[in-house]
């Protein structure tokens, strides 16, 4: 949208960061089977290529660590070319999300999530 574009015709970095955070949070809540995941930490953002008005964006997440109460994701935003199907990485980061209880305190991620994660991890490493 026009409001998201700076004077050089690029998407503002803060806007892209908010998209990454929103996508990461959505992924984390689905992965951990709970709506109670919040952002704990954002790693270094690496802006590799500009994102322009009209570009289509795809955001990918991958679990890199599952802790007792937290989940670390590698997150990548790509520019997608509708004509060629080519994707170009525009930004990467790591984000940590933590599961919280109703009072906002960290609470353990469920055993069923941990079992599924361990099963997926063992399949991927074989």
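The values are calculated or read from the model by the stated rules, or taken from the named source; none is laboratory data. All of these numbers come straight from a predicted model, not from anything done at the bench. Cβ coordinates were reconstructed from backbone atoms using ideal geometry, including for glycine residues, and neighbour counts include every protein chain displayed.
Screening residue 52 with (1) under 14 Å from the mean Cα position of the chain (by Cα); (2) surrounded by 13 or more Cβ atoms within 10 Å (Cβ to Cβ) gives one miss only, at (1). Look at (1) in contact with a helix residue (DSSP H, G or I) (Cβ under 9 Å, 6 or more places away or on another chain); (2) under 25 Å from residue 33 (Cβ atoms); (3) modelled with pLDDT of 90 or more and you find that residue 117 fails only one, number (3). Scanning segment 82-95 for residues that are surrounded by fewer than 19 Cβ atoms within 10 Å (Cβ to Cβ) and touching a residue at least 12 places away in the same chain (Cβ under 8 Å) turns up 82, 87, 88, 89, 92, 94. Considering segment 14-41, the residues that are in contact with a helix residue (DSSP H, G or I) (Cβ under 7 Å, 6 or more places away or on another chain) and in a strand (DSSP E or B) include one that is nearest to residue 109 (Cα to Cα), namely 37. Considering only residues in segment 55-72 that are over 30 Å from residue 122 (Cα atoms) and surrounded by 14 or more Cβ atoms within 10 Å (Cβ to Cβ), the one that is farthest from the chain's Cα centre (by Cα) turns out to be 55. Here residue 82 meets each of (1) closer than 22 Å to residue 22 by Cα; (2) touching a strand residue (DSSP E or B) at 6+ places or on another chain (Cβ under 7 Å) with one exception, condition (1). The condition of being at pLDDT 95 or above and over 30 Å from residue 8 (Cα atoms) holds for only one of 62, 87, 44, that being 62.
Pairing residues of segment 47-69 that are at negative phi with residues that are at pLDDT 95 or above and part of a loop (DSSP other than H, G, I, E, B), at Cβ distances under 8 Å and at least 6 apart in sequence or on separate chains, gives 66/109; 67/109; 68/108; 68/109; 69/107; 69/108; 69/109.
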